[in-house]
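The structure appears below as structure tokens.
The values are calculated or read from the model by the stated rules, or taken from the named source; none is laboratory data. Bear in mind that the values here come from a model prediction, so they are computed numbers and not experimental data. Neighbour counts run over all protein chains shown; Cβ positions are idealised from the backbone, glycine included.
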Amino acid sequence: MSDITFTLREPFTLVLLVLLVLLWFKYRKGRRLLIVRTAVISLLVVLIAEPLITYVREKQVKPVIPVLIDVSRSMVIDDPETKSDSLRSLVERIESLLKDRFTLTFFQFSSEVEPTADSLMWTHEGTALGDAIEEIARRLSPPGVVVVTDGVSNVGKYPLWVAKYTDFPLFVVGFGPPRAKGDASITRVRRNTLVYAGDEVPVEVWIQAYGLKGEKTKIILEHDERVIETKEVEFKDDLEERALEFKVTPRTPGTKLFEIYMDPVEGELNAENNRRSFALRVLKSKNRILYISTSPNWEHKFLRQSMETDPATEFHSYIGLSEEKTIAHPDGISIPLAKDELVKYDCFILHNIPVGELPPQISTLLHELIGDLGKSLLLIGGERMMGYSGSRVEQILPVFFEERVSTSSFQIEFTAEGREHPVIKSAGGNRDLPPLLGCNRLRGVKPGSTVWAINPSIQTAQGKLPVMTQSTYGKGNVVVITCFPLWRWYFLVKGLGKEPTFYVQFLTNMVRWLSTRKDIDRMVVELDQPAYQTFEKIEFTTELYDEDYRPVDGAFVKIEIEDIEGLTLKPLGAGRYTGTVSNVPPGTYTFTAQAYIEGEEYARKKGTFEVVEGSIESEDFGLQREFLERITSLTGGSYYTPENMAGLSEITFPTTETRKHLTLELIHWPTIYLIVLSLLVAEWGIRRLRGL
């Protein structure tokens, strides 16, 4: 249908009439020539006036309907060749049913949406059904969408959530192999890997299930084929993930292996993923300390008081005043000073005792206890500490002794290494410590030793006189403190009305640090499995511990992975931090875990993991009919099968009527110039015939 209007841009009508009158009077006897010239002049005047011809064209436009085709591998996984041919035929049938009434645009989707290829191939990994619906809505704002899919959606947004907020109907044609049987699995186990004997340890077990709604099973935790705890589980949804908490209390030190498993549900697809093992490294609940001196003293009193209030320490004293050579146990029990008893101790403290007065068992066994068995030694000096120069005990120590003592008071000065060591650093401020009254003189410090503090008033060949020195001997740690008496840091500070926190914390830290095993890292990084498939999430779990291997919270922990964007771990409590990465290409990767506390690096750990090619489509496949029916119901659409697909022909949407305005300018129309030229030729011919 068209509406035509004719307009002139300038009012040339009067001029046109005047010319026509003049022509009529001049050529009224020659009508042919009059008609020709009248036509020529009229056309020229019209062209000069630039007339416009405007008309409106109306047209009925068919609705544009997108057709989304799922090209993921799960669609044809049971018989790729035959099912691919069937799907191509199905797409052709959809086109024949709808093309007369709609303009169809075809898209294929798996993890992304793109126009259909020349030849559809069902070889893609990952199905993002929710993302595909959302993307088409954003691109086209269609009145409705036809989708061909099996309903499996393993990446991207949850389709039901997207469907709930979609403002157009979805018409789904379900196609796919029979639904895979249901399956339940234990996906991961979270716990602290370092624990103390006697402590109750929470173990978080994550399970996942699909297709087992209404089924029940049991989760059993075992150790050495002994059941520790059992929990019953009922699955309440078709797709479900939850965490269960178990508790274990290891009684003895060592590495303990535990197993968590789930009873298979009848008809379950895969029972191999119902079982996981995990280990706990159990430390001794208490570190045992043996203090040896020739007489009672204030240092011994404060040490004993501090250690006896520490639940992680068991403090025994040997005061060599009697001839019985026994250890005074806190409970009043006498323990023989023999090798089979000495090996039970983690740290030995020798305080202001001459070499000649050392119990012979100690003097003989120190090399073995420290060097071979990894025990620790703390040697505290004093005026009576003589005979070490050239002795067998000196071989263990980080310093060479002189056989003399300085009794001049001095203000201790900590070195940079000493100030940064956790024994001293975590004891707090040490600027206002009272001066000490003396120190044992040294000939020098052995190579590889670390000086923590000096006496700035005494110069030696190696520099200022060391008064605190640390080193290792074999597997063990050794610290020598040659300044005395340390108890002044308690009494004099207390006398000034202040709390002697540095003294108490320093001694506590020193004994804890020496008595704790050093072969255990303060940072533990654990992956839930050594190798992953490309579609699996990689979960990092990091544990942080302090000098006593107690959990550390409040840290900032990050993982740097080569060629992959790093991640920041979120805290779980109890010193644990976790985070995941996904979509990692195949390969072997190196990662670095870094922990920071108050902006300073606390610990660092490196490791590797491997990613191999895998198929997410084979993890869960089969026609999800009920799921797809819920999606169509939410959007007001319909669900079809290949058998009743003819119902697609009943889909209706109102046609759209378009009105197109067109304007024709005669001055740009070549035909009119041909007409003018033809009339001029005709006039010339007439004039020739008349001899004009």
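Things worth noting here:
- Selection of the stretch 393-422 for residues being more than 17 Å from residue 479 (Cβ to Cβ) and not aliphatic (A, V, I, L, M) yields 402, 403, 404, 406, 407, 408, 409, 410, 411, 413.
- Residue within the stretch 460-481 that is part of a strand (DSSP E or B), surrounded by fewer than 16 Cβ atoms within 10 Å (Cβ to Cβ) and either touching an Asp or Glu at 6+ places or on another chain (Cβ under 6 Å) or modelled with pLDDT of 90 or more (or both) present: no
A quick yes/no check of all residues on (1) assigned by TED's automatic domain parsing to the domain that holds residue 113; (2) among the aromatic types (Phe, Trp, Tyr); (3) in a strand (DSSP E or B):
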{"residue": "154", "(1), (2), (3)": "yes, no, no"}
{"residue": "157", "(1), (2), (3)": "yes, no, no"}
{"residue": "163", "(1), (2), (3)": "yes, no, no"}
{"residue": "168", "(1), (2), (3)": "yes, yes, no"}
{"residue": "172", "(1), (2), (3)": "yes, no, yes"}
{"residue": "195", "(1), (2), (3)": "no, no, yes"}
{"residue": "243", "(1), (2), (3)": "no, no, yes"}
{"residue": "247", "(1), (2), (3)": "no, no, yes"}
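- Single residue of 292, 260 found to be over 30 Å from residue 379 (Cα atoms), at pLDDT 80 or above and among the β-branched types (Val, Ile, Thr): 260
- Residues of the stretch 385-444 that are in a loop (DSSP other than H, G, I, E, B) and of a type in the set (Gly, Ala, Ser): 387, 389, 390, 391, 408, 409, 426, 427, 428, 429.
- A residue that is surrounded by fewer than 20 Cβ atoms within 10 Å (Cβ to Cβ), within 21 Å of residue 510 (Cα to Cα), touching a Lys or Arg at 6+ places or on another chain (Cβ under 6 Å) and at pLDDT 90 or above can be found somewhere in the stretch 417-435.
- Filtered by the rule that a residue be in a strand (DSSP E or B) and more than 24 Å from the chain's Cα centre (by Cα), the stretch 201-219 gives 201, 210, 216, 217, 218, 219.
- Positions within the stretch 95-105 being surrounded by 18 or more Cβ atoms within 10 Å (Cβ to Cβ) and either modelled with pLDDT of 95 or more or over 20 Å from residue 137 (Cβ atoms) (or both), in sequence order: 97
- Filter result (farther than 19 Å from residue 346 by Cα and at pLDDT 85 or above) within the stretch 492-523: 492, 502, 503, 523
- Taking the criterion of being within 29 Å of the chain's Cα centre (by Cα) and among the polar types (S, T, N, Q), the residues of the stretch 220-276 that qualify are 255, 270, 273, 274.
- Residue match in the stretch 128-145 (condition: touching a Ser or Thr at 6+ places or on another chain (Cβ under 7 Å), assigned to a loop (DSSP other than H, G, I, E, B) and more than 21 Å from residue 91 (Cα to Cα)): no
- Within the stretch 173-187, not a single residue is more than 30 Å from residue 630 (Cα to Cα), surrounded by 15 or more Cβ atoms within 10 Å (Cβ to Cβ) and modelled with pLDDT of 80 or more.
- Residues of the stretch 49-87 classified as in a helix (DSSP H, G or I) and either within 27 Å of residue 109 (Cα to Cα) or at pLDDT 90 or above (or both), total: 11
- Pairs linking a residue in the stretch 290-302 that is in the same structural domain as residue 511 (by TED's automatic domain parsing) and over 17 Å from residue 385 (Cα atoms) to a residue that is of a type outside the set (A, V, I, L, M, F, W, C) and assigned to a helix (DSSP H, G or I), with Cβ atoms under 8 Å and 6 or more positions apart or on different chains, are 302/490; 302/503.
- Top-ranked residue of the stretch 633-677 - restricted to ones that are of a type in the set (S, T, N, Q) and in a strand (DSSP E or B), ranked as modelled with the highest pLDDT: 638
- Among residues of the stretch 303-313 being in contact (Cβ under 8 Å) with a residue 24 or more places away in the chain and not in a helix (DSSP H, G or I), the one that is surrounded by the fewest Cβ atoms within 10 Å (Cβ to Cβ) is 311.
- The stretch 436-459: number of residues that are polar (S, T, N, Q), more than 43 Å from the chain's Cα centre (by Cα) and buried (at least 16 other Cβ atoms within 10 Å of the Cβ): 2
- In a residue-by-residue description of the stretch 270-281, the property of being in contact (Cβ under 8 Å) with a residue 40 or more places away in the chain, assigned by TED's automatic domain parsing to the domain that holds residue 229 and in a loop (DSSP other than H, G, I, E, B) applies to at least one position.
- Residue list for the stretch 345-384, filter: in a strand (DSSP E or B) and either aliphatic (A, V, I, L, M) or without any contact (Cβ under 8 Å) to a residue 60 or more places away in the chain (or both): 348, 349, 350, 377, 378, 379, 380
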